[in-house]
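Undergrad: Pasting in a structure now, in structure tokens, and then I'll have a few things to ask.
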Amino acid sequence: MPITMEDVLKFNNIVTLIAFCLSPKDYLCFQQLNKSLYHDYLQGYSDLEYWNRRLIDIGLAEDYVVEEGEYDVVNIFDRIKGFQKINSREVYKKFHLCFWPYIRKLYDSDMEHFFPDGLDLLSKAKILKNIEKFNQCNRNNWELYNRVQMNLHLFEENFVRSIHEELHRLLDEKNFKDAVKCVDVSIAMEEQNSIIKFFNEKYEYMKAELLDTSIFDERTCELDEEHLDRILMKFAEFLNEKVEIADALFGDKLSVIHSFAEKFVGDIVVWYIHEQLNGEVPWKQEPDDVLRFVRFRRKVEYLPLVYRRASEVFMKEIKSSLNGGSSFSHAVSGLLVEFLLADIIMYLDTIVGVFEDSVEKGFSVYAEFNNKKQNERHEEIYESLRDKVDSKQLLDEKNRFLSSFTKMLKINSNSKSSVQEKLALAYNFNKMNDNLKNLNALVSVDFCYKAVQFCKECMDDISTFDDLRIVSEKVKRCRTEVYEVLLRVMGEKHVKPGFQRAMELLEQYDSNYLNKLGVEEDATVPKVEPLIKFTELINIGDIILQMVSVFEESESSKKKFEKMMDDFVADGLNIGINKLMEEIVFVFNTTQLPDDFNPGGGGGELREIKASVCARRIVELLSNHCFLLTGATEIDVFQQEVGERFFHEVVKNIKKNIISTEGAIYLICDLNYYYDFIANKLKQKQIIPLFAGLKAVGQIFLVSGKDSKELGRMICEFQGIFTQEEIYELVQRRADWSRVRKDVERVMYSDCLIM
């Protein structure tokens with residue numbers, strides 16, 4: 001049997017569901033369908049629930065204590081914010097009476113005389129928004145609701161457009177007092193986004209003003225910081241002007257200046273920075289550029305400087321704002337970071353490679369420059385010598401021709417060498433002399449200082465972004481990598497080649513080569529020039545170590561660099577000490593005369609008792625070289641090594657000479673002279689006992705040959721650094737050894753057990 005509508009309306013749930021889906025007008029008609037339906041289902045609780053739902057639809061709060069006053073269509077939503085369920089029908093009726101005339105007009109598209117006469121713009125705006133709220137209760141009547149909404153939106157669009165046109169006119173006239181009213185209307189119309197967009201477009205910065213302005217000096221091709229500051233100040237002043245306008249128009253009702261600043265920083269400030277830092281630096285080389293590092297090769301490398309100056313100017317110059325808040329300048333600086341973050345990351349990703357290229361280029365150019373200068377000097381030497389040969393001045397102008405690095409050489413005019421041989425020898429000698437004089441140029445303190453300063457500037461640039469938490473780890477890593485690059489490149493490209501070349505010159509130095517030139521020593525101050533120059537180089541290395549040690553980055557790289565320096569110093573000093581010992585041997589061989597310790601075969605007139613010429617020259621030679629490392633960490637090791645090796649050369653020298661009883665006193669004078677230097681000037685405690693032992697050895701030569709048995713007992717009882725075998729070997733240098741030998745050996749072998 002088919003179900004009829006009458007059957008359906010017998011079910012309470014179905015009736016209630018139908019009722020709740022009806023618009024207020026249809027619901028009232030439904031109630032009047034028949035009395036039974038009304039009395040059974042649509043009165044009492046069900047009726048209250050229906051009106052309760054409609055009031056909730058328009059935004060009122062349920063179970064709200066109502067404190068009504070006078071109300072109208074403008075302020076009803078402000079006056080009546082809630083309801084009690086029991087009087088929901090009466091509350092709805094108040095809203096219906098206010099808004100139904102407007103709903104009918106909108107439904108019928110009747111916009112004539114829409115508002116009552118005399119209403120101000122703000123009241124009209126509130127009415128429109130109130131209509132929009134009330135119309136929510138008509139959603140059960142889709143055709144009514146949709147048509148009202150569509151016409152209402154069209155009406156609102158036209159209304160807002162007219163408000164913005166009026167606002168535009170008032171702002172052009174700088175009539176901010178009336179413009180504020182238009183702003184209030186826009187806010188009431190909930191047009192915050194459109195008003196923000198309007199403000200941004202109204203006060204847009206014209207890019208054309210910046211197209212012909214550059215922050216780079218055309219003459220020097222370097223960034224003009226003063227001009228950069230002027231541009232940044234213009235940006236800050238422009239923003240401050242808009243801050244004042246925003247404060248006047250919006251106060252703290254609607255924040256527009258943050259949005260404006262975001263657009264301004266992104267579209268203008270950062271755009272301008274990109275435009276300026278795009279491309280290569282048009283570098284113009286100056287004559288002295290070869291001796292400096294080119295810090296900037298691409299404009300983007302100026303990013304830290306530009307960012308730092310922009311942040312400083314904005315933080316200092318941008319005013320606090322009612323609209324933007326007291327920390328508005330911080331917000332603008334934050335926007336700068338936000339928009340430049342990708343550029344900052346790119347800078348940090350590339351700066352280490354850029355620094356490496358620059359520092360490698362700098363050291364390579366310096367090496368080429370140094371080699372060029374050296375070749376030019378050698379060419380001048382050769383041309384000068386050849387001219388002198390042609391003018392027969394080679395032998396006559398000995399002081400200028402052979403500029404001796406020891407100042408103790410003079411030309412032997414009896415040389416039988418050919419002119420060409422003499423020219424070749426003289427050229428090689430002068431070239432060696434020139435190389436020695438310019439040894440310090442191989443490792444330049446000045447240029448290394450420039451490299452360290454260059455590194456510090458680069459690290460300071462990187463540290464500009466230290467406060468940006470998002471890149472703080474990358475900043476720290478970049479600083480370390482830049483420092484490691486400095487140590488590696490400076491070591492491989494400058495320090496290592498410099499010390500290697502210096503050691504080559506040390507190895508090549510041969511004092512005997514002077515004899516090939518037909519020169520002989522003068523009694524001037526003796527020196528081993530390569531050792532002097534190398535020790536100067538060591539002191540330079542020590543200064544470089546001090547310069548790089550001020551950085552806290554990469555201890556492992558620092559220690560590796562120090563080890564490289566220590567190895568070069570150790571190897572170079574070893575070579576230098578060898579050359580010094582060769583010079584000492586040369587002095588022994590050429591100035592220690594046979595009668596120094598064996599005067600006149602024992603029958604001549606005795607000399608003044610004092611150190612020999614040889615001893616004085618050797619001590620002077622030692623004095624000139626043992627204190628070259630003053631302040632360097634290697635000084636103790638160097639002096640001890642020199643002292644020990646000198647000790648062995650003295651022993652060898654004793655073994656080469658014949659020493660008479662009369663000459664023993666002169667030997668003792670020499671040994672005392674050596675001891676005095678070691679104990680009182682060198683003051684190396686480890687080697688003082690060696691020379692004290694030498695003094696004791698001198699005593700065995702004083703014993704008369706008539707006391708040969710006593711001599712033998714002295715040898716047996718000798719206590720000190722020498723073994724009895726060594727003492728026995730030394731005593732054989734006595735002039736009377738053949739006469740006393742038998743008695744000495746008898747005492748030794750009968751009374752002593754030789755260990």
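The values are calculated or read from the model by the stated rules, or taken from the named source; none is laboratory data. No experiment lies behind these values; they were computed from the predicted model shown. Using ideal geometry, Cβ is built from the backbone for each residue, glycine included, and neighbour counts are taken over all protein chains shown.
Undergrad: State whether the residues of segment 546-553 include one that is part of a helix (DSSP H, G or I), within 20 Å of VAL489 (Cβ to Cβ), in the same structural domain as LYS476 (by TED's automatic domain parsing) and touching a Leu at 6+ places or on another chain (Cβ under 7 Å).
TA: yes
Undergrad: Any chance you could count how many residues in segment 199-213 are exposed (fewer than 15 other Cβ atoms within 10 Å of the Cβ) and either among the hydroxyl-bearing types (Ser, Thr, Tyr) or within 34 Å of the chain's Cα centre (by Cα) (or both)? Give the steps one after another, and end with the answer.
TA: Going residue by residue through segment 199-213, those that are exposed (fewer than 15 other Cβ atoms within 10 Å of the Cβ) are 201, 204, 206-209, 211-213.
After this cut, where a residue has to be either among the hydroxyl-bearing types (Ser, Thr, Tyr) or within 34 Å of the chain's Cα centre (by Cα) (or both) as well, the list is 211-213.
Residues that pass the stated criteria total 3.
Undergrad: Would you confirm whether or not segment 648-656 contains a residue that is under 55 Å from the mean Cα position of the chain (by Cα), part of a helix (DSSP H, G or I) and over 28 Å from PHE718 (Cα atoms)? Reasoning before the result, please.
TA: Start the filter on segment 648-656 by keeping residues that are under 55 Å from the mean Cα position of the chain (by Cα), which leaves 648-650.
If we keep only those that are part of a helix (DSSP H, G or I) as well, we get 648-650.
Then drop every residue that is not over 28 Å from PHE718 (Cα atoms), which leaves none.
No: zero hits.
Undergrad: For segment 637-649, what are the residues that are buried (at least 21 other Cβ atoms within 10 Å of the Cβ) and closer than 27 Å to GLU608 by Cβ? Quick ask: steps written out before the conclusion?
TA: The first filter runs over segment 637-649 and keeps only residues buried (at least 21 other Cβ atoms within 10 Å of the Cβ), leaving 638-639, 642-643, 646.
Once the filter is applied, which keeps residues that are buried (at least 21 other Cβ atoms within 10 Å of the Cβ) and closer than 27 Å to GLU608 by Cβ, segment 637-649 yields only PHE646.
Undergrad: Same structure again: When you look at LEU37, is it of a type in the set (A, V, I, L, M, F, W, C), at pLDDT below 90, out of contact with any Pro (no Cβ under 8 Å at 6 or more places or on another chain) and not assigned by TED's automatic domain parsing to the domain that holds LEU128, yes or no?
TA: yes
Undergrad: Hey, could you check segment 128-173 for residues that are aliphatic (A, V, I, L, M) and under 20 Å from ASP57 (Cα atoms) and say which is surrounded by the most Cβ atoms within 10 Å (Cβ to Cβ)? Spell out how you get there, then give the answer.
TA: Applying the first criterion (aliphatic (A, V, I, L, M)) to segment 128-173 yields 128, 131, 144, 148, 150, 152, 154, 160, 163, 167, 170-171.
With under 20 Å from ASP57 (Cα atoms) added as a condition, the list becomes 128, 131, 144, 148, 150, 152.
Details: LEU128: 20, ILE131: 21, LEU144: 19, VAL148: 23, MET150: 12, LEU152: 18.
Looking at the filtered set, the residue picked out is VAL148.
Undergrad: Scan segment 190-201 and give yes if some residue there is free of Cβ contacts under 8 Å to residues at least 12 places away in the same chain and either among the small types (Gly, Ala, Ser) or on the phi > 0 side of the Ramachandran plot (or both), otherwise no. Walk me through it before giving the result.
TA: Pass one, segment 190-201, residues free of Cβ contacts under 8 Å to residues at least 12 places away in the same chain: 193, 197, 201.
With the extra rule that they be either among the small types (Gly, Ala, Ser) or on the phi > 0 side of the Ramachandran plot (or both), the set shrinks to none.
Within segment 190-201, not a single residue is free of Cβ contacts under 8 Å to residues at least 12 places away in the same chain and either among the small types (Gly, Ala, Ser) or on the phi > 0 side of the Ramachandran plot (or both).
Undergrad: Considering every residue within segment 141-161, establish whether at least one is in the same structural domain as PHE95 (by TED's automatic domain parsing), outside any helix (DSSP H, G or I) and in contact (Cβ under 8 Å) with a residue 24 or more places away in the chain.
TA: Yes, the conditions are met somewhere in segment 141-161.
Undergrad: Are there helices (runs of 4 or more DSSP H) fully within segment 171-287 with at least 3 residues that are in contact with a Phe, Trp or Tyr (Cβ under 9 Å, 6 or more places away or on another chain) and under 30 Å from ASP120 (Cβ atoms)? List them.
TA: Correct list: 176-188, 192-202, 225-250, 257-264.
Undergrad: Within segment 460-480, which residues are crowded, with 21+ Cβ neighbours inside 10 Å, in a helix (DSSP H, G or I) and not basic (Lys, Arg)?
TA: Listed by number, the residues that qualify are ASP461, ILE462, CYS478.
Undergrad: I've got another one for you. Could you list all residues from segment 313-352 that are out of contact with any helix residue (DSSP H, G or I) (no Cβ under 9 Å at 6 or more places or on another chain) and more than 18 Å from VAL269 (Cα to Cα)?
TA: If the condition is that a residue be out of contact with any helix residue (DSSP H, G or I) (no Cβ under 9 Å at 6 or more places or on another chain) and more than 18 Å from VAL269 (Cα to Cα), then SER326, SER327 are the ones that fit.
Undergrad: Something else: Which residue is modelled with the lowest pLDDT, if the candidates are limited to segment 668-710 and must be over 57 Å from the mean Cα position of the chain (by Cα) and of a type in the set (Ser, Thr, Tyr)?
TA: Per the criteria, the residue is SER708.
Undergrad: Sticking with this one: GLY720 - would you say it is crowded, with 20+ Cβ neighbours inside 10 Å, over 20 Å from ILE609 (Cβ atoms) and among the small types (Gly, Ala, Ser)? Step through it out loud before you land on a result.
TA: Numbers: crowded, with 20+ Cβ neighbours inside 10 Å: no; over 20 Å from ILE609 (Cβ atoms): yes; among the small types (Gly, Ala, Ser): yes.
No.
Undergrad: From LEU106, LEU119, grab the single residue that is at pLDDT 90 or above and surrounded by 13 or more Cβ atoms within 10 Å (Cβ to Cβ).
TA: Step by step, each of LEU106, LEU119 is checked, and only LEU106 is at pLDDT 90 or above and surrounded by 13 or more Cβ atoms within 10 Å (Cβ to Cβ).
Undergrad: Pick from segment 42-59 the residues that are modelled with pLDDT under 85 and among the aliphatic types (A, V, I, L, M): which of them is surrounded by the fewest Cβ atoms within 10 Å (Cβ to Cβ)?
TA: My answer is LEU48.
Undergrad: So, of the residues in segment 314-334 that are surrounded by fewer than 22 Cβ atoms within 10 Å (Cβ to Cβ) and aliphatic (A, V, I, L, M), which turns out to be nearest to ALA451 (Cα to Cα)?
TA: This residue is MET315.
Undergrad: Look through ARG309, ARG298 and report the one residue that is under 30 Å from ALA451 (Cβ atoms), at pLDDT 90 or above and within 25 Å of the chain's Cα centre (by Cα).
TA: None of the other options fit; the residue is ARG309.
Undergrad: Among the residues of segment 506-524, is any in contact with a His (Cβ under 9 Å, 6 or more places away or on another chain), at pLDDT below 85 and of a type in the set (Val, Ile, Thr)?
TA: No, segment 506-524 contains no residue that is in contact with a His (Cβ under 9 Å, 6 or more places away or on another chain), at pLDDT below 85 and of a type in the set (Val, Ile, Thr).
Undergrad: When segment 554-568 is examined, which residues are found to be among the basic types (Lys, Arg) and touching a helix residue (DSSP H, G or I) at 6+ places or on another chain (Cβ under 9 Å)?
TA: If the condition is that a residue be among the basic types (Lys, Arg) and touching a helix residue (DSSP H, G or I) at 6+ places or on another chain (Cβ under 9 Å), then LYS558, LYS560 are the ones that fit.
Undergrad: Ok, one more. In segment 109-168, what residues are of a type in the set (Asp, Glu) and farther than 23 Å from ILE196 by Cβ?
TA: Of the residues in segment 109-168, the ones of a type in the set (Asp, Glu) are 110, 112, 117, 120, 132, 143, 156-157, 165-166.
Of everything in segment 109-168, those that are of a type in the set (Asp, Glu) and farther than 23 Å from ILE196 by Cβ turn out to be ASP110, GLU112, ASP117, ASP120, GLU143.
Undergrad: Further question: Hey, GLN393 hits all of (1) farther than 24 Å from GLU225 by Cα; (2) at pLDDT below 75; (3) in contact with a strand residue (DSSP E or B) (Cβ under 8 Å, 6 or more places away or on another chain) but one; which does it fall short on?
TA: (3)
Undergrad: Follow-up. For segment 68-92, give me each residue that is of a type outside the set (Lys, Arg) and assigned to a helix (DSSP H, G or I).
TA: ILE76, PHE77, ASP78, ILE86, ASN87, SER88, GLU90, VAL91, TYR92
Undergrad: For ALA246, are the conditions met, namely being in contact with a strand residue (DSSP E or B) (Cβ under 9 Å, 6 or more places away or on another chain), crowded, with 20+ Cβ neighbours inside 10 Å, closer than 29 Å to GLU157 by Cβ and at pLDDT 90 or above?
TA: Answer is yes for this residue.
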